[in-house]
Structure formats: C-alpha cells, structure tokens
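As structure tokens, the structure follows; a few thoughts come after it.
Each value in this text was obtained by applying a stated rule to the coordinates, not by laboratory testing. Bear in mind the structure is a predicted one, so any value in this text is a computation, not a measurement. Heads up, the Cβs are rebuilt from the backbone with ideal geometry, glycines too, and the neighbour counts pull from every protein chain shown.
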Amino acid sequence: MATAGFKPLYTRAFDTTLVPRNMRPTKKQLAEDTFAETYAAVALETIRRPHEFKDQELKDVMWSFSRVS
C-alpha cells in the first residue's frame with residue numbers, strides 16, 4: 001500500500017504523542033476509512049505478536065508506516 005501511494009484519510013490518526021486527542025479523528029471517522037482500518041490492523045497484530053515476525057518483516061512494516069506521514 002505504501003509503495004502504491006495509498007494513504008489513510010487521516011495520516012496523523014495514530015500519532016498519540018504529538019497530536020492532542022481532540023485533534024485526532026473519531027473512531028467513526030476512522031471506521032469509514034478502509035486504509036486507516038488496514039494500517040490499524042497491521043499495527044495491532046505487529047504489537048500483539050512481534051515474536052512471530054522476521055526482522056525484515058518488522059522493518060518493512062515500520063518503513064511502510066513511515067511512508068504514510
């Protein structure tokens with residue numbers, strides 16, 4: 001998705017450290033954005049079970065997230 005140029009509508013949606021909560025999209029808004037849902041699912045699974053991913057796979061996930069911003 002990152003290489004193809006697909007981006008969520010709300011690229012800062014998951015930045016919980018720099019963007020105040022009241023400036024982030026609501027869960028409803030995110031649910032309407034297929035790409036945001038996809039990125040969220042990837043992030044969740046990567047965090048839940050990092051031991052199941054190879055180093056290269058984790059690097060690729062991090063790279064694709066960095067391309068979204």
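Remarks
- Helical content alone sets the calculated 222 nm signal of the chain at -15000 deg cm²/dmol, taking -39,500 (n - 2.57) per DSSP H segment of four or more residues and averaging over every residue.
- Placing a label point 7 Å from the Cα of Arg21 along the Cα-to-Cβ direction, the residues of the stretch 28-63 whose backbone N falls under 16 Å of that point are 28.
- Listed residue (Ser66, Ala13, His51) projecting farthest to the positive dipole end of the chain, Cβ model: Ala13
- Set of lysines with alpha-carbon distance to Lys27 below 29 Å, sequence-local pairs under 8 removed: Lys7, Lys59
- Within the straight-line cut-off of under 20 Å between alpha carbons, the aspartates and glutamates reachable from Lys28 are Asp15, Glu37, sequence neighbours fewer than 8 places apart in one chain being disregarded.
- Helix 55-68 and the long axis of the chain differ in direction by around 20°, with both axes built from C-alpha atoms.
- Length-normalised contact order for the chain - Cα pairs under 8 Å, 6+ apart - percent: 45
- Within the chain: Cβ-based charge dipole about Cα centre, in debye rounded to nearest 20 (Lys, Arg +1; Asp, Glu -1): 260
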